[in-house]
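Colleague: Following this message is one structure expressed as structure tokens.
The values are calculated or read from the model by the stated rules, or taken from the named source; none is laboratory data. Worth saying up front: this structure is predicted, and the values here are computed from it rather than measured. With ideal geometry, Cβ positions are generated from the backbone for all residues, glycine too; neighbour counts draw on all protein chains shown. Note: areas computed on protein heavy atoms with side chains; ligands, DNA, RNA excluded. Shrake-Rupley method; radii C 1.70, N 1.55, O 1.52, S 1.80 Å.
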Amino acid sequence: NGFIGQAANPLGGRELLVLKTSFEEALRKAGFQDPPSAQVKRSAVAIWAAGCKAQSPICKQGIDALQTFYVGKIRLDGTGTVRVSNLPKGNFWLLGLGVANGQHFVWNLPLLIKPGPNSISFNHDNATLIY
């Protein structure tokens with residue numbers, strides 16, 4: 001846990017999705033983009049997060065769009081550790097959503113699943129604040 005002021009691991013006990021592509025790419029392919037006339041172009045994750053914050057149906061649409069890219073899921077224990085035996089070896093993306101210090105974060109990290117121990121650190125530096 002790399003979150004100052006937060007004793008518990010914000011991902012402890014959570015499910016993480018293993019995807020064939022990044023969350024950003026999956027959302028883009030599902031049409032999450034600003035109109036061409038927009039002066040500021042936001043990432044697909046930012047557009048999705050704004051919809052979730054506003055409790056818009058596009059929040060669920062973004063999660064539903066992940067089905068095409070779904071490989072599997074893993075559940076972390078309270079310490080943020082997991083044993084994985086049912087996922088194929090290869091290059092994937094790991095998607096995790098969590099709350100720390102009252103803020104919502106998304107982790108969208110490349111993942112190489114190889115034989116033997118694998119490790120990823122989830123912290124403030126590799127998370128995106130979504131709201």
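Colleague: Say the dipole of segment 53-122 comes from +1 at the beta carbon of Lys and Arg and -1 at that of Asp and Glu; which of T68, S56, S85 then lies farthest toward its positive end?
Modeller: S85
Colleague: Got a number for carbon plus sulfur as a percent of the chain's accessible area, 1.4 Å probe?
Modeller: That share works out to 53 percent.
Colleague: Using packing as a proxy for protection, rank 91-97, 75-81 so that the peptide with the highest average count of other Cβ atoms within 10 Å comes first.
Modeller: By packing density, highest mean first, the sequence is 91-97, 75-81.
Colleague: I would also like to ask the following. Just the number please: accessible area per residue for the chain, 1.4 Å probe, all protein chains included, in Å².
Modeller: In whole numbers, the chain has 60 Å² accessible per residue.
Colleague: Applying a 10 Å radius around every beta-carbon, put 98-108, 14-24 in order of their mean neighbour count, most first.
Modeller: For the peptides 98-108, 14-24, the packing ranking is 14-24, 98-108.
Colleague: Also, I was wondering about something else. Output the 0 to 90 degree angle, nearest 10, between the alpha-carbon long axis of helix 44-53 and the longest principal axis computed from the alpha carbons of the chain.
Modeller: That works out to roughly 90 degrees.
Colleague: List the pairs from K29/K60; K53/K73; K60/K114; K20/K89 whose alpha-carbon separation is above 21 Å, in the order I gave them.
Modeller: Going by Cα-Cα distance, K53/K73; K60/K114 fall outside the 21 Å limit.
Colleague: Could you sort D34, D64 by their accessible area in this structure, using a 1.4 Å probe and putting the largest first?
Modeller: From most exposed to least exposed: D64, D34.
Colleague: Classify segment 79-131 from the C-alpha gyration tensor, please: rounded if a/c falls under 1.5, else prolate or oblate depending on whether a/b exceeds b/c.
Modeller: Because a/c hits 1.5 or more and a/b exceeds b/c, segment 79-131 counts as prolate.
Colleague: Under 13 Å from the Cβ of A30, count the other residues' Cβ atoms, weight Lys and Arg +1, Asp and Glu -1, and hand me the total.
Modeller: Once positives and negatives cancel, what remains is 0.
Colleague: Rounded to the nearest 500, what is the 222 nm mean residue ellipticity of the chain from helices alone, with -39500 (n - 2.57) per DSSP H run of 4+ residues and division by all residues?
Modeller: The helix-only estimate for the chain comes to -5000 deg cm²/dmol at 222 nm.
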